[in-house]
Every structure is written in structure tokens, then in C-alpha cells.
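The next block holds one structure in the form of C-alpha cells; read it before the comments.
The values are calculated or read from the model by the stated rules, or taken from the named source; none is laboratory data. Bear in mind that the values here come from a model prediction, so they are computed numbers and not experimental data. Using ideal geometry, Cβ is built from the backbone for each residue, glycine included, and neighbour counts are taken over all protein chains shown. Quick note on the areas: whole protein, heavy atoms, side chains included, nothing else; ligands and nucleic acids left out. Shrake-Rupley method; radii C 1.70, N 1.55, O 1.52, S 1.80 Å.
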Amino acid sequence: MAETGAQNNPFEIAKKQIDIVAKVINLNDGIREILKAPKRELTVNFPVRMDSGEYRVFTGYRVQYNMARGPTKGGIRYHPQVTLDEVRALSAWMTWKCSVMNLPYGGAKGGVICDPKHMSKGELERLTRRFASEIAPIIGPEMDVPAPDVYTDSQTMAWIMDTYSMLKGYSVPGVVTGKPIAIGGSEGRGEATGRGCMYAIREAAKRQGLKTKGATVAVQGFGNAGSVVANLASKELGVKVVAVSDSRGGIMNTKDGLDIAKVEAHKQKTGQVEGFPGAQKISNEDLLKLDVDVLIPAALENQITSKNASLIKAKIVAEAANGPTTPEADEVLFKNHITVLPDILANAGGVTVSYFEWVQDLQGYFWTEKDVNERLESVMSASYRAVADSAEKYGVNNRTGAYAIAVERVANAIRLRGIYP
Ligand code: GLU
């Protein structure tokens, strides 16, 4: 099936995914309409004083997609290509992610159109604080709780927490998650997305009788999620990571594999993975087509499409990124017996430990890293099994299996609460 530009619009894809599962679970048409519309959207245009002394106006969004199951939850991304439709899609995916993991949250997402790679730390701080104050009326521990996403991190969260706290007049650690530990962050949150993804891969490999020791892995994207899953999967599962990439390009070493700790040090020093000694160059596009056991897209949306899906050779595709695979590509992968661990499961370790962080903040009582990781492991394993069982029961791919659980839970909350007034 050909994909047009409109079909690759992430929000059109998010709505299509709801239509697909609606048929499988026989969802009431009215509820389906409710689930296809974001509840609340805020657009803000705000000035920031740049280092040059000039003012620049930036545009940012916060979309709260659905709050039937609790306060909304989801990250904030900084990227030049952020659009309202992308943020809508990401907020829908957060809704299903929190639901499939059975976290007591709805879904939200935020984004600011900016190019953080070309901004100073001072500019980023001023942008973050002003954006935080612009969205302050609709965030809060009981309402909507942001977190890091693409090109935002624990420092970004510290600035948001401080700005919100200044507006309130007292410290409110539970307004964001993914904070530094010194101000109410959780042990284990920094690596939670990658760690959760590693557990999902381990469980999927177990179910299909694939040995992880020595299994080959390629990772597209070397940020919050990709670098950690590459590292932990090598250390804890014994896989051989043969290729990694970032937005500038990729590297591979199919014979000996890559020493991920050394690649991380190289990236830290030079700002990119390319140029790593002893590795060959590979493009982001070619990396996806490598003959590996596990492929981990850990960058942005729409990487596996109808154009390249038939060329994917991996046995397992673990979506550390949000929305890397289009619905058309999903069909092709399913037909080719490739196991997809869908984003709302595979990268849900991040929001799961965000939930642990929020619980710790609200109680003012903090857990050890061992406690956090053990609880994460048990939630990931149980959710993986529930998703795989659901897919089997309905005879569908894992994404639709996961959506069946997630959408049904949100629909049930809506039915129980009823429609106001
Ligand atoms: N941005 C992450 C995600 O897409 C984490 C969200 C959160 O922790 O709230 O799942």
C-alpha cells in the first residue's frame, strides 16, 4: 500500500491505530470518536532573550489527550520539526502506554519548536523557564506531569520544577519526573527507558526460543533510550551490538561488535558516533536493513515504512522510539513473521519509573535503585506477557494486542465515569 505524505502524519497514524483495534475489540462507535480526539490542547508563542541580546519568539504545545484514568503524563520534546499533529499523536500514544502498563494516568505530551543543538545553556534555561510558566496553568502533580523526551533531560526538568515552585511559593517536586535525584528524582529513572526495553527484548526472545547471548543487535538513535539499551543489553544479556547511529550517521562492526562504553565516551567527546576507531560507516537507512537478530529503532517517528519494511531482516524489532513504524509497515512485518515490540510497551520503562518517582515524591519516601529496578522488571515482564497473550488471543500483531488491552481499559473508565453532564 502506498503511503502519501498525509498518511505519514503521526496523528493520522494514531487515529488509524484506534480504528484498527476498534474492530478487533468491537468498540462502541461513540467511544471510538471520544478516543480519537485530544481533550485539551494549548499552543503558546513566547519570547526568549537570546545571548546576542535579540528576542526570538518560540512556539510550544502541550496536549492532554485523555484523563479518564488519572492525571495526564508525558514528556516534552525540543526539536526543530515539532508540529501540533506530532504532539497530538505522541499524547495519544502516552495514553495507551500508561494504560497498557496499568499506571493510574492519562496521556499528554509537549513540544517546543527549537534547535537545542544550536542554543547555549543559558538560552535553553530561559526558553524552558518561560515555556514552563506558559503551561503552568495546566500542569501540576494532580493534573499533568511532564518528563524528559527527545533533547530534554534531567536539567530541563529541574528548571521546570523550580519555575513552577517559584510560581506556587513552595517546592513542588511532583510536578515533573525525570528530575535529578538531589531534588526528588528517582534512582534508576535515567536508564529506565533503555532498561525496560532490554527486559522486553529478553522476554520476547525467551518466548520465541531465541538465545540472547551472542545475538546481534543494531540500534538507530543513541540518545536517552538507544545508548542505554545498547549498553545494558550487551552487559546483562550478552548480545553483540554490531551497529549504532545518531542523527549525523552510523557506525558498524559486524565481525567483533562495538564496545558500547567506548562508543559512549567517543560520542561524549566528539558529539557523534561517526569516526569511532575500528568501525565502518553506515547510513541510518541502511542500518535498518542489517541482517541482525534484534533491531532497535530509538530515534524518531516513521523510520520503518512501506518503502523499507520488506527489507527488514531482524527477528525482533524493539521500538525504543515512539511511532517508528507506520501501520502499512506493521502489516508487512507481521506477514514476514517479524516480532514487533510496540513502542507503548517497549519504551514504557521510562514512564513506569516516572510513575515510581511521582509516588515517591507524593509520599516523601525514597526507594533504593534495587527496589526500583526489581519493580520495573516485574511490571515489564508481566506487561509483555499480557500483550503477547492478547495478540495470540485475537490473532493480531503485538501492537494491536497491546492496543486491545490499553484502549479497553480507557474505554471502561469512560463508561464507568459516564459522560458529563
Ligand atoms: N518521554 C517518555 C515517553 O515517551 C517518558 C514520559 C514520562 O516519563 O512521562 O514515554
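Do you know which residues across the range 279-319 are open to solvent by less than 10 Å² (accessible area, probe 1.4 Å) and either at pLDDT below 95 or within 16 Å of the ligand (Cβ to nearest atom) (or both)?
Passing the criteria: Ile296, Pro297, Ala318, Glu319.
Checking Ser247 against (1) without any contact (Cβ under 8 Å) to a residue 40 or more places away in the chain; (2) open to solvent by 60 Å² or more (accessible area, probe 1.4 Å); (3) touching a Leu at 6+ places or on another chain (Cβ under 9 Å): exactly one of these is not met. Which one?
Condition not satisfied by Ser247: (1).
Hey, can you tell me all the residues within the range 69-91 that are out of contact with any Pro (no Cβ under 7 Å at 6 or more places or on another chain) and more than 11 Å from the ligand (Cβ to nearest atom)?
Selection gives His79, Pro80, Gln81, Val82, Thr83, Leu84, Val87.
Please work out which residue is surrounded by the most Cβ atoms within 10 Å (Cβ to Cβ), limiting yourself to the range 103-122 and to residues that are of a type in the set (Gly, Ala, Ser) and within 16 Å of the ligand (Cβ to nearest atom).
By that ranking, first place goes to Ala108.
In the range 8-57, which residue that is in contact with a Phe, Trp or Tyr (Cβ under 9 Å, 6 or more places away or on another chain) and part of a loop (DSSP other than H, G, I, E, B) is least open to solvent (accessible area, probe 1.4 Å)?
Pro38
Only residues that are over 21 Å from Thr59 (Cβ atoms) and either within 11 Å of the ligand (Cβ to nearest atom) or in a helix (DSSP H, G or I) (or both): list them for the range 92-102, please.
Those that are over 21 Å from Thr59 (Cβ atoms) and either within 11 Å of the ligand (Cβ to nearest atom) or in a helix (DSSP H, G or I) (or both): Trp93, Thr95, Trp96, Lys97, Cys98, Ser99, Val100, Met101.
Among the candidates Ala230, Ala200, Ala205, which residue alone is more than 16 Å from the ligand (Cβ to nearest atom), closer than 27 Å to Ala147 by Cα and either assigned to a strand (DSSP E or B) or open to solvent by less than 50 Å² (accessible area, probe 1.4 Å) (or both)?
Ala230
Say whether the condition of being in contact (Cβ under 8 Å) with a residue 60 or more places away in the chain, open to solvent by 20 Å² or more (accessible area, probe 1.4 Å) and of a type outside the set (D, E, K, R) is met by at least one residue in the range 340-353.
Within the range 340-353, not a single residue is in contact (Cβ under 8 Å) with a residue 60 or more places away in the chain, open to solvent by 20 Å² or more (accessible area, probe 1.4 Å) and of a type outside the set (D, E, K, R).
So in the range 132-183, with the set limited to residues that are small (Gly, Ala, Ser) and open to solvent by 10 Å² or more (accessible area, probe 1.4 Å), which one is nearest to Gly106 (Cα to Cα)?
So, considering only residues that are small (Gly, Ala, Ser) and open to solvent by 10 Å² or more (accessible area, probe 1.4 Å), the one nearest to Gly106 (Cα to Cα) is Ala136.
State all residues of the range 390-421 that are open to solvent by 70 Å² or more (accessible area, probe 1.4 Å) and under 23 Å from the mean Cα position of the chain (by Cα); if no residue qualifies, say none.
Arg409 - this is the single residue of the range 390-421 that is open to solvent by 70 Å² or more (accessible area, probe 1.4 Å) and under 23 Å from the mean Cα position of the chain (by Cα).
Considering each residue of the range 152-182, count those that are part of a loop (DSSP other than H, G, I, E, B) and touching a residue at least 24 places away in the same chain (Cβ under 8 Å), and give that number.
Residues that pass the stated criteria total 8.
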